[in-house]
1. DSSP loop (so not H, G, I, E, B), at most 15 other Cβ within 10 Å: list which GluC sites (Glu not before Pro) in region 247-331 pass both filters.
2. Got a sec? How would 295, 233, 175, 117 order by Cβ neighbour count within 10 Å, fewest to most?
3. Highest mean first, how do 214-227, 132-145 rank when packing is the count of other Cβ atoms within 10 Å averaged over residues?
4. Using only Cα atoms, tell me the angle between helix 184-194 and the longest principal axis of the chain; keep it within 0 to 90° and round to the nearest 10.
5. From the helices alone, meaning DSSP H stretches of at least four residues, give me the mean residue ellipticity at 222 nm for the chain, per-run term -39500 (n - 2.57), in deg cm²/dmol to the nearest 500.
6. With both bridge residues required to lie in the chain, what share of the DSSP beta bridges run antiparallel, to the nearest 5%?
7. I want to check the label-to-label distance for residue 267 and residue 193. Put each point 7 Å from Cα in the C-beta direction and report it in nm to one decimal.
8. Only Cα pairs under 8 Å and at least 6 apart count here; give the relative contact order of the chain as a rounded whole percent.
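Read-outs: derived from the displayed coordinates by stated rules, not from any lab. Worth saying up front: this structure is predicted, and the values here are computed from it rather than measured. No Cβ is skipped: glycine too gets one built from the backbone with ideal geometry, and neighbour counts run over all protein chains shown.
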Amino acid sequence: MQMESNGGPVKGNIIYGAEGHLNGVAMVAKGEAQAASQKIVPHLWFDKEAKEAAAFYVSAFTGDSEIRNVTTIHNTPSGSVDIVSFKILGYDFMAISAGPLFKFNPSVSFHVKCASMEEVDTIWAKLSEGGTVLMELGSYPFSKRYGWLQDRYGLSWQIIFVEGEFKQRITPFLMFVGKVCGKAEDAIRFYASVFHDTGVDVRARHGKGEEPDKEGTVKYASFILEGQEFGAMDSAHEHKFAFNEAISFIVRCEDQKEIDYYWKLSAVPESEQCGWLKDRYGVSWQIVPTVIDGMMASKDAAAVARVTEAFLKMKKFDVAALTKAYKVAIK
């Protein structure tokens with residue numbers, strides 16, 4: 001398996017499952033301070049468009065937006081695969097082109113806060129081209145300028161004018177539908193119990209006359225995990241989608257203790273593979289050790305191969321086993 005990087009030495013790795021599908025991530029340019037600034041990083045799974053989509057997003061959002069690293073892996077079961085590390089409006093993302101296994105849907109969207117209505121219109125114009133409108137751009141009780149769309153790649157964005165100050169401009173937003181509808185509050189309180197530097201603020205609940213939504217369920221909630229803002233809501237309307245692996249969340253861990261700790265998120269044993277897990281609500285997470293960054297940045301092909309061979313057999317990452325494989329290879 002050949003690798004080439006554009007933007008510096010490569011960290012992380014690509015992981016293949018038992019059926020030959022591409023299953024893992026966390027490749028970033030060496031020297032980035034991503035782990036320190038953003039512990040939880042959204043990961044976007046594309047068919048073939050990761051590099052193109054990242055360039056589109058960086059161009060659509062002005063200010064503190066850039067592609068940090070592009071890595072191409074050849075001769076994989078999915079052909080040549082692109083891995084992209086990028087940020088938009090100061091918020092880190094990872095993206096991968098790994099085949100048509102999963103499709104984006106509105107169960108996970110990204111809330112974009114704007115300081116002016118003109119900025120809302122500008123971003124909307126760029127993202128809506130070739131996309132689909134989910135909620136028309138206009139005035140709503142909660143904002144003078146707001147709209148919800150799926151862009152040309154199927155990724156969902158909520159663009160909103162916010163009066164007053166805000167620190168984080170892009171917020172992942174989870175919509176609990178179908179079998180998990182009505183569980184938004186339970187979910188965010190569960191996440192707040194697992195992660196650190198947390199907070200929960202249920203700002204609005206569904207009331208009487210809002211059927212099919214049940215009275216008391218979450219209309220909008222904001223919550224903090226590891227100092228990062230997220231949003232959530234319940235929707236009892238008929239939706240033909242649910243959470244899936246197209247969007248997962250990477251949790252970057254400093255040691256085995258952290259990996260073991262965050263593995264408590266797992267609730268679906270058959271989904272555990274190469275650091276991936278699925279929680280009780282169907283949300284996918286990747287629990288990734290930062291130590292693997294340096295190993296996979298090695299110029300020693302034998303070392304990289306041994307580490308790769310070691311973690312391909314793992315469900316939860318074993319840092320000691322990875323370190324042993326790496327040290328054996330470089331002797």
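1. Numbers: sites: 254, 258, 270, 272, 309; in loops: 254, 272.
Taking region 247-331 and a limit of 15 other Cβ atoms within 10 Å, the loop GluC sites (Glu not before Pro) found are 254.
2. On the way: 295 26, 233 19, 175 23, 117 15.
In order of increasing Cβ crowding within 10 Å: 117, 233, 175, 295.
3. Working: 214-227: 18.1, 132-145: 13.1.
Put in order of decreasing packing, that is 214-227, 132-145.
4. For helix 184-194, the angle is close to 40 degrees.
5. Details: 8 runs with 74 residues, N = 331.
Using -39500 (n - 2.57) per qualifying helix, the result is -6500 deg cm²/dmol.
6. That works out to approximately 75 percent antiparallel.
7. The modelled label-to-label distance comes out at 1.1 nm.
8. Working: 763 pairs, mean separation 53.7, N = 331.
This gives 16 percent for the chain.
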